[in-house]
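First up is the structure itself, then whatever we jot down about it.
The values are calculated or read from the model by the stated rules, or taken from the named source; none is laboratory data. Treat the numbers as computed from the prediction; the structure is a model and nothing was measured. Methodologically, a virtual Cβ is constructed for each residue, glycine included, from the backbone with ideal geometry; neighbour enumeration extends over all protein chains shown. Areas reflect the complete protein model, heavy atoms only, side chains present, ligands, DNA and RNA absent. Shrake-Rupley method; radii C 1.70, N 1.55, O 1.52, S 1.80 Å.
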Amino acid sequence: MLVDDYDRAIAYYTQVLGFRLVEDTAQGPDERFVRVTPPGNGNTDLLLAKAKSEQAARIGDQAGGRVFLFLHTDDFWRDYNAYKARGVDFTEEPRVETYGTVVVFRELYGNKWDLVQPA
């Protein structure tokens, strides 16, 4: 995930979305290897990479305006209400689909995610 600032991104993903910081290793001046993992998930990490020059234009639009990632939950309403209380930007009201309960949200940079509890 392209970000503009490591500490800002870490704060958002850990404090707002409840992710856990897995690694934050210096890689030289102004570069770090930063990984976070979603709550309850030890198998998936998200790399937070500080954008360099031409990459900066892609921050927040890494999927061309489409939903970029899916965040699965085992309790949709718990997580939806917690995120809403923390100011997460939901683009719609939750809905029930054949595959589960889902809502689209924009993270700190504007990338779209689905919060989904599979049926």
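So which residue, out of 107, 93, 23, gets the largest mean-square fluctuation from a GNM of the chain using Cα contacts under 10 Å as springs?
Result: 93 has the largest fluctuation of those listed.
With every protein chain present, what is the per residue accessible area of the chain (1.4 Å probe, Å²)?
On the way: 6730 Å² over 119 residues.
Here the residues of the chain average 57 Å² of exposed surface.
In debye to the nearest 20, how big a dipole does the stretch 36-119 give about its Cα centre with +1 on each Lys and Arg Cβ and -1 on each Asp and Glu Cβ?
280
For the stretch 12-119, which chymotrypsin sites (Phe, Trp or Tyr not before Pro) pass both filters: DSSP loop (anything but H, G, I, E, B) and at most 11 other C-beta atoms within 10 Å?
Here the chymotrypsin sites (Phe, Trp or Tyr not before Pro) that fit, given the DSSP loop and packing criteria, are 99.
Roughly speaking, to the nearest percent, how much of the chain's 1.4 Å accessible area is carbon and sulfur?
Accessible surface attributable to carbon and sulfur in the chain totals 48 percent.
Counting just the Cα atoms, what span does the chain cover along each of its three principal axes? Round to the nearest Å and put the largest first.
The principal-axis extents, from largest down, are 47, 28, 24 Å.
Percent antiparallel among DSSP beta bridges with both residues in the chain, to the nearest 5? Spell out each step's value before the answer.
Numbers: 21 of 28 bridges.
So the antiparallel bridges in the chain amount to around 75 percent.
So which trypsin sites (Lys or Arg not before Pro) in the stretch 24-99 end up in coil per DSSP with only 14 or fewer other C-beta atoms within 10 Å?
52, 66, 86
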